[in-house]
Amino acid sequence: MEKLRKELQHATLLHQTRRHFLQSVGFGLGALGLGTMLDSCGTSSAADSPVGNIAQSRIPQFAPKAKRVIYIHMAGAPSQLELFDYKPELLKYHGKDCPAEFLEGKKFAFIQGVPKMLGPQSHFAQYGQSGAWMSDYVPYLQTVADEITFLKAMHTDQFNHAPAQLLMHTGSPRLGRPSLGAWSVYGLGSENQNLPGFIVLASGGQQPDAGKSVFGSGFLPSVYQGVQCRTGGDPVLYVSDPSGMNRDMRKQTIEAINEINKQTYEDVKDPEILTRISQYEMAFRMQMSVPEVMDVSKEPQFILDMYGVKPGEGTFAMNCLLARKLVENDVRFVQLFDWGWDGHGTSKDHNVEGGLRQKCRESDQPVAALIKDLKMRGLLEETLIIWGAEFGRTPMQENRNGLVMPYMGRDHHLDAFTMWMAGGGVKQGFSHGETDELGYYGTKGRVHVHDLQATILHLMGFDHEKFTYPFQGRNFRLTDTEGKVVKEVLA
Amino acid sequence: MHYILLQDSSWATFIGRFHPAIVHFPIGFLLIGALLELGRRWGKIAVSEGTIVFILFWSAISATFACVAGYLLSLTGGYDADLLNNHMWKGIGVAVFAWAAWFVKSDRFERAIPSIKVIYLPAILIATLLTLTAGHDGGALTHGEGYLTQYTPEPFRGLAGLPPMEEKPTEIKPIADVQQAVVYSDIVQPILQAKCTQCHSASKSKGDLRMDQLALLAKGGENGPAFVVGKGAESDMIKRCLLPENDDEHMPPKGKPQLTTDQIALLSWWIDQGASADKKVSQMTVSEAVKPALASLGKEAPAGTGAAQASAVLSVKVPKANEQAIENLRKTGLIVNTLSQDQNLLEISAVNLPDFTDKQMELLQPVAQQITWLKLGGTKITDAALQQIAKFPNLSKLHIEHTGITDKGIAAIKPLPYLEYINIVDTKVGDEGLKNVAGMKALRSIYVWQSAVTDSAVSQVGRQNPNLLVVNGFNEAAVAQFLKAGDTTGKEEVKKQ
């Protein structure tokens, strides 16, 4: 082998002529450019910190206001018109035909022909010093009105669940981009070495429609992807040792495997091998730390009462309590998904009257408790809570297949919906944006999904235009080519 | 392809930035060459032809390098396109004519084209003149147009036909009595001065638009009038400000200081109200929408709660921490992060070191200046550690929850000038400790749940320090109270039936 290599070297040198030398001098400038281009392919970025080292943080552009994030996603999309966007005018039009101007050139997921307008199904009042409008569906959230910043004129581009969820979490309606949580851990690093930096908890009986891609790492090294934990039983499947395997033996096994992996890495230099090594090590540490942090039996009874949970449940309320425990242990990004908010009016559970009220009953108290719990632990001012869905719901009643639905329901709506944020760096008791009197379009302070993402990154210290990752020859960012920080909501 | 290739490359920028240094070589060489040529022709000095050829050769070489570096620098953007274009072509001209002068002077073509010598003098003359004007353009690109003559003293100023010197108000001064302010001259004109007239005035009137005088603003530019009297929302100058910043039509151009929402509201309101030159605020109808914007004019700081909340410590400049010291800290298992790119302040966390003790506090001494966020919650530190913490002058956030600290220890940190946040949840600190730190100058929030602090001390300290947030937590009774909120759901449903 060595002999062959030397032979090749010799042959190459024989062919090097003065002409070659001059050529390479002449093209020196081009070579410089080429060097930089290769740089961006990730082959020799010596200046950059090693990818795959999850604890490593990139230095943010600004001092972060939000050190951690809890993102609560109500998959299916609750109706803003029953919860936060109070439209008394809509009640007057209840049962009347939808004006033609709302329908021209529009596409809906299910609405066909001319639907009827649907008045709010809940009772609204103003709460807190800030006078935030909220309905009787969310009586607990009313008690923390002055901690919240509402975004009342959100809008998106996608009217189906999966692409809209992808857009919300990855900045693109198509597969393949890293999620907000992955970007966050890539940016600020993972602090607690015994826990993943990005943990996902799902409730409501089903996974989000867009699947695991909504918390994937896309083209970022896979070490940044969200780790989903189960709320009941073993938090992570197969995390406990099988019977007959003790911890020492497990340790030796993992050390041996990692030794082989390290040798392979030395040979082929694939960064995914580093991910694999660190995940083995993480898994070993998680065997101890995860059951401990996911065990709520040591929480005092009044804390359990505050969230309304019993140990052993796998509910949304339990996930809120776990989210608090995780951020208390310096987990960077906790993503909660709760399924079952798609109130078309097709069944007893999926509508904007009893069904939505029931979903709120299950989630309102723990969300308010989470805000209060974080606050009293001194964590709220450095933890950003985001609440929202992939889109909103129409001011019109759904008329699937031109029929009258069995329950009051609304179709998917992308021109106006409400989200809210609390904690880390956003104003307390504030409302940004307004919709027209029927709640169809945002009229003031419209915030696109990309604007929201730019704002979240800003709160974490990153300029969304400079926070990029080189992939396939160009720098990618969460907000693609769009996005503007919503400065009005920054504290 | 090459453009894209070079645009983002740090190499291109690195070389480009040498342009302002390299350009001085061709300037110097050419001038000395021309000067020697003059002296030689007048017979004042004896210089060999070879010397001049040698100087011309290096003029041409250095001019060529300056061109390449200049081109790379121009890719970084941010320059006035017209001026840049002029400068570039003049610079290339310098190089071309310097090469021409050298070729001719060095007798390389004499045999081929015998009469070529006649272009020698024009070539060296043009190269020299171009050097001077290209150099001037370069100065204008770097320092801004008019930099050279900005401070011309008076007798010469008048002779040169320059307008009288004026102070440019770049910051809008607060107005003492907003109601009595003349809307155009006291509110509108200062906004235009600050954000628009750099490009739309006598010295530079892009798009043929001047915004420095009301009559000229009304007349408009090549795209028509800047505003429609009475219709702010339909006026070109308002519409452009409201376009997305990435839009080509957006004004001010991307990267320049932008108008605030309040400023746009004020301009639009002034147009709505008839774009009068001399009406006062009190003579116009003040709409609800413009009220907050008007109110903000009276204040020193721009409106918004954000300004008050920004941490003072973030403007403190400290030297960069020793790399080795940081590396040593990381080796022990501490997390050490730089707070942001424009500061050297550090965030240090012991989340992975539950066994961190008072003894290890010594390790932090080398970065005492830089520590601003310190998280030692849940470690084994005691009061002794607080003695060390008191020596971190720029500390702004302190997590010492779930530790063994007491009243005795916390008194030590009282003198810290920037400390904003203290978390003493689940410690033995009591009322005395709370009262001790409550008066700290910068302190904004203190969290005392599950400590020895009593409810009465919390409310007393809260009353005495209205700007301080003292947060105690829930107990059983408070949770019971919280749970009552849910009862209304049941009531509402009954009411509905």
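Criterion first (in a loop (DSSP other than H, G, I, E, B) and closer than 23 Å to residue A:444 by Cα) does residue B:266 satisfy it? Spell out the reasoning first.
Details: in a loop (DSSP other than H, G, I, E, B): no; closer than 23 Å to residue A:444 by Cα: yes.
So residue B:266 does not fit the description; no.
So residue A:188 ticks every box in (1) more than 14 Å from chain B (Cβ to nearest Cβ); (2) farther than 18 Å from residue A:323 by Cα; (3) crowded, with 24+ Cβ neighbours inside 10 Å; (4) at pLDDT 90 or above but one. Which box is left unticked?
Of (1) more than 14 Å from chain B (Cβ to nearest Cβ); (2) farther than 18 Å from residue A:323 by Cα; (3) crowded, with 24+ Cβ neighbours inside 10 Å; (4) at pLDDT 90 or above, only one is false for residue A:188: (1).
Given A:224, A:238, which one is without any contact (Cβ under 8 Å) to a residue 60 or more places away in the chain and either more than 14 Å from chain B (Cβ to nearest Cβ) or over 16 Å from the mean Cα position of the chain (by Cα) (or both)? Walk me through it before giving the result.
Working: A:224 fails: without any contact (Cβ under 8 Å) to a residue 60 or more places away in the chain.
Among A:224, A:238, only A:238 is without any contact (Cβ under 8 Å) to a residue 60 or more places away in the chain and either more than 14 Å from chain B (Cβ to nearest Cβ) or over 16 Å from the mean Cα position of the chain (by Cα) (or both).
Residues are listed down the side, and each one gets a yes or a no for (1) assigned by TED's automatic domain parsing to the domain that holds residue B:199; (2) of a type outside the set (A, V, I, L, M); (3) in a loop (DSSP other than H, G, I, E, B); (4) under 17 Å from residue B:212 (Cα atoms):
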residue	(1), (2), (3), (4)
B:248	yes, yes, yes, no
B:259	yes, no, yes, yes
B:274	yes, yes, yes, no
B:286	yes, no, yes, no
B:291	yes, yes, no, no
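Are any of the residues in the stretch B:348-365 within 14 Å of chain A (Cβ to nearest Cβ), surrounded by fewer than 20 Cβ atoms within 10 Å (Cβ to Cβ) and without any contact (Cβ under 8 Å) to a residue 24 or more places away in the chain?
yes
Quick check on this structure: which one of A:290, A:296, A:331 is modelled with pLDDT of 90 or more and either away from every other protein chain (no Cβ under 14 Å) or surrounded by 15 or more Cβ atoms within 10 Å (Cβ to Cβ) (or both)? Working first, answer last.
Numbers: A:290 fails: modelled with pLDDT of 90 or more; A:296 fails: modelled with pLDDT of 90 or more.
Testing whether each residue is modelled with pLDDT of 90 or more and either away from every other protein chain (no Cβ under 14 Å) or surrounded by 15 or more Cβ atoms within 10 Å (Cβ to Cβ) (or both) leaves just A:331.
Give me the residue from the stretch B:12-68 that is buried (at least 16 other Cβ atoms within 10 Å of the Cβ), among the small types (Gly, Ala, Ser) and more than 39 Å from the chain's Cα centre (by Cα) and, out of that set, nearest to the other protein chains (Cβ to nearest Cβ).
Out of the qualifying residues, it is B:33.
Within the stretch A:199-215, identify whether any single residue is at pLDDT 95 or above, of a type in the set (Lys, Arg) and on the phi < 0 side of the Ramachandran plot, and answer yes or no.
Within the stretch A:199-215 (the criterion being at pLDDT 95 or above, of a type in the set (Lys, Arg) and on the phi < 0 side of the Ramachandran plot), the answer is no, since none of the residues qualifies.
Looking at the stretch A:365-415, which of its residues are assigned to a loop (DSSP other than H, G, I, E, B), free of Cβ contacts under 8 Å to residues at least 12 places away in the same chain and among the hydrophobic types (A, V, I, L, M, F, W, C)?
As a first pass, look at the stretch A:365-415 and keep what is assigned to a loop (DSSP other than H, G, I, E, B): A:377-379, A:389-391, A:398-399, A:403-409, A:414-415.
Within this subset, residues satisfying the condition of being free of Cβ contacts under 8 Å to residues at least 12 places away in the same chain are A:378, A:403-404.
Within the stretch A:365-415, A:403, A:404 meet the criteria.
Residues in the stretch B:279-325 that are touching a helix residue (DSSP H, G or I) at 6+ places or on another chain (Cβ under 7 Å), among the aliphatic types (A, V, I, L, M), modelled with pLDDT of 65 or more and under 21 Å from residue B:176 (Cα atoms): how many?
Matching residues across the stretch B:279-325 total 7.
Among the numbered criteria (1) modelled with pLDDT under 90; (2) surrounded by fewer than 16 Cβ atoms within 10 Å (Cβ to Cβ), which single criterion is violated by residue B:89?
Result: residue B:89 passes all but (1).
Against the conditions (1) modelled with pLDDT under 90; (2) within 11 Å of chain B (Cβ to nearest Cβ), where does residue A:307 fall short? Just the number, please.
With (1) modelled with pLDDT under 90; (2) within 11 Å of chain B (Cβ to nearest Cβ) applied to residue A:307, the lone miss is (1).
Within the stretch B:437-464, how many residues turn out to be buried (at least 17 other Cβ atoms within 10 Å of the Cβ) and under 17 Å from residue B:411 (Cβ atoms)?
Summing the residues that are buried (at least 17 other Cβ atoms within 10 Å of the Cβ) and under 17 Å from residue B:411 (Cβ atoms) in the stretch B:437-464 gives 11.
Which of the numbered conditions does residue A:223 fail, given that it passes all the others? Conditions: (1) closer than 30 Å to residue A:160 by Cα; (2) assigned to a loop (DSSP other than H, G, I, E, B); (3) at pLDDT below 90.
Just one mismatch for residue A:223, condition (2).
Every residue in the stretch A:120-167 that is acidic (Asp, Glu) and touching a Leu at 6+ places or on another chain (Cβ under 9 Å), please.
Within the stretch A:120-167, the subset acidic (Asp, Glu) is A:136, A:146-147, A:157.
Those that are acidic (Asp, Glu) and touching a Leu at 6+ places or on another chain (Cβ under 9 Å): A:147, A:157.
Do the conditions hold for residue A:234, that is, is it more than 15 Å from residue A:337 (Cα to Cα) and among the charged types (D, E, K, R)?
So residue A:234 passes the test.
Is it true that residue B:422 is within 17 Å of residue B:312 (Cβ to Cβ) and buried (at least 23 other Cβ atoms within 10 Å of the Cβ)?
Yes, satisfied.
Checking residue A:352 against (1) crowded, with 24+ Cβ neighbours inside 10 Å; (2) part of a helix (DSSP H, G or I); (3) away from chain B (no Cβ under 13 Å), only one condition comes out false. Which one?
Here residue A:352 meets the rest and fails (2).
Report yes if some residue within the stretch B:232-254 is over 23 Å from residue A:446 (Cα atoms) and away from chain A (no Cβ under 14 Å); otherwise report no.
Step one: filter the stretch B:232-254 for residues over 23 Å from residue A:446 (Cα atoms), giving none.
The answer is no; no qualifying residue exists.
Considering only residues that are in a strand (DSSP E or B) and surrounded by fewer than 24 Cβ atoms within 10 Å (Cβ to Cβ), which ones fall in the stretch A:421-430?
A:430
Condition (residue is in a loop (DSSP other than H, G, I, E, B), surrounded by fewer than 21 Cβ atoms within 10 Å (Cβ to Cβ) and among the aliphatic types (A, V, I, L, M)) applied to the stretch A:194-206: is it met by at least one residue?
Within the stretch A:194-206, none of the residues are in a loop (DSSP other than H, G, I, E, B), surrounded by fewer than 21 Cβ atoms within 10 Å (Cβ to Cβ) and among the aliphatic types (A, V, I, L, M).
Which one of the conditions (1) among the charged types (D, E, K, R); (2) touching a residue at least 24 places away in the same chain (Cβ under 8 Å); (3) outside any helix (DSSP H, G or I) does residue B:90 fail to meet, given that it meets all the rest?
All conditions pass for residue B:90, except number (3).
I need a count of the residues in the stretch B:70-113 that are of a type in the set (Gly, Ala, Ser) and farther than 19 Å from residue B:140 by Cβ.
Pass one, the stretch B:70-113, residues of a type in the set (Gly, Ala, Ser): B:70, B:74, B:77-78, B:81, B:91, B:93, B:95, B:98, B:100-101, B:106, B:112.
If we keep only those that are farther than 19 Å from residue B:140 by Cβ as well, we get B:95, B:98, B:100-101, B:106, B:112.
Adding up the residues that qualify gives 6.
Being within 19 Å of the chain's Cα centre (by Cα) and assigned to a helix (DSSP H, G or I) is the filter; apply it to the stretch B:310-330 and report the residue that is nearest to the other protein chains (Cβ to nearest Cβ).
If we take residues in the stretch B:310-330 being within 19 Å of the chain's Cα centre (by Cα) and assigned to a helix (DSSP H, G or I), then B:314 is nearest to the other protein chains (Cβ to nearest Cβ).
Which members of the stretch B:375-393 meet the condition of being of a type outside the set (Val, Ile, Thr) and crowded, with 22+ Cβ neighbours inside 10 Å? It would help to see each step written out before you state the result.
Residues of the stretch B:375-393 of a type outside the set (Val, Ile, Thr): B:375-378, B:380, B:383-388, B:390-393.
Across the stretch B:375-393, the qualifying residues are B:375, B:376, B:377, B:385, B:386, B:392.
How many residues does the stretch B:208-230 contain that are among the acidic types (Asp, Glu) and either exposed (fewer than 14 other Cβ atoms within 10 Å of the Cβ) or closer than 19 Å to residue B:250 by Cβ (or both)? So that I can check it myself, show each step before the final result.
So in the stretch B:208-230, the residues among the acidic types (Asp, Glu) come out as B:208, B:212, B:222.
Going one step further and asking which of them are either exposed (fewer than 14 other Cβ atoms within 10 Å of the Cβ) or closer than 19 Å to residue B:250 by Cβ (or both), we end up with B:208, B:222.
Residues in the stretch B:208-230 being among the acidic types (Asp, Glu) and either exposed (fewer than 14 other Cβ atoms within 10 Å of the Cβ) or closer than 19 Å to residue B:250 by Cβ (or both): 2 in total.
Check whether at least one residue in the stretch A:49-70 is buried (at least 24 other Cβ atoms within 10 Å of the Cβ) and more than 14 Å from every other protein chain (Cβ to nearest Cβ), and report yes or no.
yes
Determine which single condition residue A:326 fails, assuming it passes every other condition in (1) more than 14 Å from chain B (Cβ to nearest Cβ); (2) at pLDDT 90 or above.
It is condition (1) that residue A:326 fails.
In the stretch A:452-491, what count of residues is obtained for those that are over 25 Å from residue B:9 (Cβ atoms) and either charged (D, E, K, R) or free of Cβ contacts under 8 Å to residues at least 24 places away in the same chain (or both)?
4
The values are calculated or read from the model by the stated rules, or taken from the named source; none is laboratory data. Everything quoted here is computed from the prediction, not taken from an experiment. All Cβ positions, glycine included, derive from the backbone under ideal geometry; neighbour counts span all protein chains shown.
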